[in-house]
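Asker: I have a structure here, written as structure tokens, and I will follow up with some questions on it.
The values are calculated or read from the model by the stated rules, or taken from the named source; none is laboratory data. Fair warning: this is a prediction, and the values are worked out from it, not measured in the lab. Positions of Cβ are generated from backbone atoms using ideal geometry, with glycine treated the same way; all protein chains shown enter the neighbour counts.
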Ligand SMILES: CC(C)(COP(=O)(O)OP(=O)(O)OC[C@H]1O[C@@H](n2cnc3c(N)ncnc32)[C@H](O)[C@@H]1OP(=O)(O)O)[C@@H](O)C(=O)NCCC(=O)NCCS
């Protein structure tokens, strides 16, 4: 019976979006809530294939722990090559319920992303983040939706700086941390660090929004030297990361920002080939046909 119910729900919680002639994305909403053990093991194995190829060493947190729980608060997006069936990449984004005094703020954490080396440098990272983010936008009832991101990779730090709204820190603007960004960063580092594989011994530098000694809680294999970390298009971003982070110690930025519909429309224009835009927008429920007049 449980398997039947899970199976029935599974059709509603899976969204397929065609990204190009050869690639489709599949979005799974909190698969730990409704997938059977077998389906979940299959999904985890797909993620592991990409991680094994893209990351030099095992990961031991989030979707790579043996638990169901990390799949219960995450949106998982995978890219699939239509011809070969290869999984081209994935990301796994938890929604964090962050307590700020009496308030609880939903924060979409951009989460672990990995692209199979055969498909890197083709814009897949942006596509998978974008799709996951927008899909979350109509599942999280806040407007705008807060996002967080933890990374040492300039290609990711730069993309988050440029594609989301009111992002702090950003390589583009030097400014004081806005108070709400600071409150959220403090609370996330204090209470949600296990979600991104940061161990208890890591410390938070509030001036720079840097988690010092970040690769200590199961994410150790992601630690990179400054030269190994994939570059961003804008050299100013690469220089900013190199100046602010101690790659030897294993520092990460934590970025806070917001997502609203302007982020989506910009994304659609930049990333999805024109012939696929209407279909992608419909599947992501970005717009609806106007109600018929009676
Ligand atoms: C980090 C990682 C996900 C990037 O994947 P990718 O497929 O290369 O990513 P993209 O092609 O979408 O490019 C990301 C950025 O790199 C830069 N980039 C991509 N192709 C480029 C090119 N040909 N020339 C210059 N810059 C390029 C761009 O700045 C791009 O962002 P933009 O398109 O918004 O400007 C990938 O290297 C990976 O899986 N690494 C291992 C796992 C990992 O470290 N994950 C991150 C943990 S936080």
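Asker: Which one of 167, 210 is within 17 Å of the chain's Cα centre (by Cα) and at pLDDT 95 or above? Please lay out each step first, then the result.
Answerer: Working: 210 fails: within 17 Å of the chain's Cα centre (by Cα).
Of 167, 210, the one residue that is within 17 Å of the chain's Cα centre (by Cα) and at pLDDT 95 or above is 167.
Asker: Go through (1) touching a strand residue (DSSP E or B) at 6+ places or on another chain (Cβ under 9 Å); (2) within 13 Å of the ligand (Cβ to nearest atom); (3) at pLDDT 95 or above for residue 117 and report which single condition fails.
Answerer: (1)
Asker: Given (1) over 12 Å from the mean Cα position of the chain (by Cα); (2) within 12 Å of the ligand (Cβ to nearest atom); (3) under 19 Å from residue 26 (Cα atoms); (4) in contact (Cβ under 8 Å) with a residue 40 or more places away in the chain, where does residue 112 come up short, assuming only one miss?
Answerer: (1)
Asker: Could you list, ordered by first residue, the pairs with Cβ atoms under 8 Å in which the first is in the stretch 41-59 and on the phi > 0 side of the Ramachandran plot and the second is at pLDDT below 95 and not in a helix (DSSP H, G or I), at least 6 apart or interchain?
Answerer: none
Asker: Does residue 239 fit the bill of being closer than 27 Å to residue 174 by Cβ, surrounded by fewer than 14 Cβ atoms within 10 Å (Cβ to Cβ) and in contact with a helix residue (DSSP H, G or I) (Cβ under 7 Å, 6 or more places away or on another chain)? First the steps, then the outcome.
Answerer: Values: closer than 27 Å to residue 174 by Cβ: yes; surrounded by fewer than 14 Cβ atoms within 10 Å (Cβ to Cβ): yes; in contact with a helix residue (DSSP H, G or I) (Cβ under 7 Å, 6 or more places away or on another chain): no.
Against the criterion (closer than 27 Å to residue 174 by Cβ, surrounded by fewer than 14 Cβ atoms within 10 Å (Cβ to Cβ) and in contact with a helix residue (DSSP H, G or I) (Cβ under 7 Å, 6 or more places away or on another chain)), residue 239 does not qualify.
Asker: As an exercise: evaluate residue 235 against (1) farther than 19 Å from residue 120 by Cβ; (2) within 12 Å of the ligand (Cβ to nearest atom); (3) in contact (Cβ under 8 Å) with a residue 60 or more places away in the chain and give the number of the one condition it does not meet.
Answerer: Unmet for residue 235, out of (1) farther than 19 Å from residue 120 by Cβ; (2) within 12 Å of the ligand (Cβ to nearest atom); (3) in contact (Cβ under 8 Å) with a residue 60 or more places away in the chain: (3).
Asker: Need pairs with beta-carbon distance below 7 Å; first residue in contact (Cβ under 8 Å) with a residue 40 or more places away in the chain and within the stretch 182-201, second surrounded by 21 or more Cβ atoms within 10 Å (Cβ to Cβ) and part of a helix (DSSP H, G or I); sequence gap 6+ or separate chains.
Answerer: Sorted first by the residue in the stretch 182-201, then by its partner, the pairs are 195/62; 197/62.
Asker: So which of 123, 132 is in contact (Cβ under 8 Å) with a residue 24 or more places away in the chain and within 8 Å of the ligand (Cβ to nearest atom)? Write out each step before concluding.
Answerer: Values: 132 fails: within 8 Å of the ligand (Cβ to nearest atom).
It is 123.
Asker: Mind checking which residues of the stretch 86-109 are part of a loop (DSSP other than H, G, I, E, B) and within 9 Å of the ligand (Cβ to nearest atom)? Spell out the reasoning first.
Answerer: Here is the first cut: in the stretch 86-109, the residues part of a loop (DSSP other than H, G, I, E, B) are 86, 101-102.
Hits for the stretch 86-109: nothing passes.
Asker: Which ones in the stretch 33-56 are within 15 Å of the ligand (Cβ to nearest atom) and either surrounded by 12 or more Cβ atoms within 10 Å (Cβ to Cβ) or part of a helix (DSSP H, G or I) (or both)?
Answerer: Pass one, the stretch 33-56, residues within 15 Å of the ligand (Cβ to nearest atom): 46-56.
Matches in the stretch 33-56: 46, 47, 48, 49, 50, 51, 52, 53, 54, 55.
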